[in-house]
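Quick note: the coordinates plus some simple rules give every number you see, no bench work behind them. Just so it is clear, the structure is predicted and the values come from calculations on it, not from any experiment. We place every Cβ from the backbone using ideal geometry, glycine too, and count neighbours over all the protein chains shown.
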Amino acid sequence: MGVLAMNSAQTRRGGWSWWYLLFVVQFVAVLWPPFYNSAAPHWMGIPFFYWYQLLWVVISAVITAVIYLATND
Amino acid sequence: MQDVNWIALSIFVLLFGLITWLGFAAANWRKGDLDLLHEWGLGGRRFGTLITWFLVGGDIYTAYTFIAVPALAFGAGAVAFFAVPYTIVIYPFLYLVFPRLWNVCRKHGYITSGDFVRGRFGNRWLALAMAITGIVATMPYIALQLVGIQVVVGALGISGSGLAADLPLIIAFLVLAAFTYSSGLRAPASIAIVKDILIYVTAFTAIIVIPIELGGFGKIFAAVPAQKLLLAVPGTKTTGAYGSYATLALGSALALFLYPHCLTGILSASSGHAIRRNAAMLPGYSFMLGLLALFGFFAIAAGVANLPEYAGGFKQFGNNFAVPALLLHSFPSWFVGIAFAAIGVGALVPAAIMSIAAANLYTRNIHREFLNKNPSDRQESQMAKWVSLIVKLGALVFILFVPTQYAIQLQLLGGIWIIQTLPSVMLGVYTRWFNDWALLLGWAAGIFAGTAMAVAVNLKPAYPLALGGYTFPGYIAVYTVILNLVVVIVLTPVLNALSARPAPVDQTAAADYYA
């Protein structure tokens, strides 16, 4: 690995990346209760309020994994 | 109270014995010199991605969480589910802020938030404020872990009066104290692996078996009273339950990694990469916590509160008895033994980490700073070992002699207090712009206002802030950390202008924050 490549890896690790904006998505999705405070549609008998938030646990993990893969060498 | 459940009790005791052995054996795991504080108190910063996952998982998702969140769902309904958005929004913070903190702490040998703040801002009084806040916020947290043990021991049918009633708790405490003393952070790290396997087995079995027994999720949710099923829709001129739900999630998330035990878990990781990977992997626990919250509804649907055999338990432990009663009602004794052991051991892991973290804070930022400035390595780690015992003893005394309600209320206040270290620690990782005394005054303003607001609403988490004819009920921690930050930002230029002294030296350099 050349010096240049190492330098760019360093800046990327330490500095800002536009990929981080993806994190905003999960904040909006789960911190705005009007989006999900309803019983319908049910899924397997579970009201929307509950399965929506559980689904977002999975989505947020995927988002974080994507950001990790995109910003770490 | 029901009779002693011998099968469940035998399995419980067997698993507890296994854990005890493991806790002591851990001293030789990834062997290091336990006379060095960073070896005893941070496991030598050698835990890779997977061990960090177990350790931090055991740290955040504690036994008390597993009892209290479903209990809240059982009693209050939908609002308990705030634990889910809460444990979603913590991970961006973990991903972005804490690898930087890890880097600078490793570079300079810092093991507490107080160490970092001392080095960054050069003010030992500010570091003292961090240390005291951390210790005071942690103590009731340890006490609540012991409540978790108390509830499952009671549910096993062990009861008595006087000393006999408290004996199981005292034995558990002695075990905990002894292996923490001898093995340091290696003990909870190794135990966390066993504990989590037990917890995952319990949770996933229960989430499949109980709904089948009860006739499906449709029937379960039909049994939940309508007003508990969803958040109350806010009226006009107020953000109502929506505001408190969202701010409770956000504020709890901001506060979480400021707790000493969480920081200890993170700093013991072997690299910033391990921390980032964990931000993607720890939601595994969040998902399980969400499922466990549903157990509160299972308990409603199963009608355990009306069964005579559990009346004594509910009388003694209130809604905290909902999960143990549900497990007793739904499973054969041997499985109940495994599930209760998972909860009991689930209390030991965080309690051990918490006492280690509090001991690190006292040793580094109070004792070394103010009492004995040049301890030998051995003296320093010996001091921490003793303090870890004293901290746990304090928690035990608290639980034995003070009503549980006080521990719960103090833990609530603890969350409001610990978030006041955010500007110094989390923002301090990014900027040295703040004046050190301004940070201390902002901290004091936040602590004072937060305590006053909590007292004004009878020690509830949400305060109805009134502004221009509108009411915004919201988590006090969020409101007061904003106040804290405003004070810091306003006072920083003022104090810089007033003071003739040069700014204290920043020990850290910009490059220290990167890998």
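Using the Karplus relation 6.51 cos²θ - 1.76 cosθ + 1.60 with θ = phi - 60°, the per-residue 3J(HN,Hα) values for segment B:5-14 come to 8, 5, 5, 4, 5, 4, 5, 4, 5, 4 Hz, with x marking Gly and Pro. The H on the amide N of B:Leu230, modeled in the peptide plane, is under 5 Å from the matching H of B:Ala78, each at least 5 residues off or on a different chain. Applying 1/(1 + (r/R0)^6) with R0 = 30 Å to the Cβ-Cβ distance of B:Leu371 and B:Val397, what FRET efficiency is obtained, to the nearest 0.05? Calculated value: 0.80. Each residue in B:Ile193, B:Ile390 was given a count of other beta-carbon atoms within 10 angstrom of its own, and listing them fewest first yields B:Ile390, B:Ile193. Checking every one of the trypsin sites (Lys or Arg not before Pro) in segment B:362-431 against DSSP loop status and a limit of 14 other Cβ atoms within 10 Å picks out B:Lys373. Remark: B:Leu412, B:Leu348 ranked as B:Leu412, B:Leu348, counting other beta-carbon atoms within 10 Å and listing the fewest first.
For chain B, relative contact order (Cα pairs under 8 Å, six or more residues apart, normalised by length) works out to 32 percent. Segment B:154-223 and segment B:73-100 have Cα centres separated by 22 Å. Sorted ascending by nearby beta carbons within 10 Å, beginning with the fewest, B:Leu371, B:Leu156 become B:Leu371, B:Leu156. With a ≥ b ≥ c taken as the square roots of the eigenvalues of the C-alpha gyration tensor of segment B:445-515, please select rounded if a/c is under 1.5 and otherwise prolate if a/b is larger than b/c or oblate if it is not? Note, shape of segment B:445-515 comes out prolate. The magnitude of the dipole of chain B, with charges of +1 and -1 set on the Cβ of Lys/Arg and Asp/Glu and taken from the Cα centre, is near 880 debye. 3J(HN,Hα) couplings calculated from phi for segment B:88-97 with the Karplus curve 6.51 cos²θ - 1.76 cosθ + 1.60 (θ = phi - 60°) are, in sequence order, 8, 7, 5, 6, x, 5, 4, 5, 8, 8 Hz; Gly and Pro show x. Summary: within chain B, the longest segment free of chymotrypsin sites (Phe, Trp or Tyr not before Pro) located in DSSP loops with at most 14 other C-beta atoms within 10 Å is B:1-429. Counting every alpha-carbon pair across chain B, the share separated by more than 46 Å comes to 10%. Among B:Ala8, B:Phe116, B:Val69, which residue has its Cα furthest toward the positive end of the charge dipole of segment B:1-124, with +1 on Lys/Arg Cβ and -1 on Asp/Glu Cβ? Positive-end residue among those listed: B:Phe116. Scanning residues 5 or more positions from B:Thr471 or on other chains, those with amide H under 5 Å from its amide H are B:Thr238, B:Thr239, with H placed 1.01 Å from N in the peptide plane. Backbone phi angles across segment B:473-482, fed through the Karplus curve with coefficients 6.51, -1.76 and 1.60 (θ = phi - 60°), yield HN-Hα couplings of x, x, 5, 4, 4, 5, 4, 7, 6, 5 Hz in residue order; Gly and Pro are listed as x.
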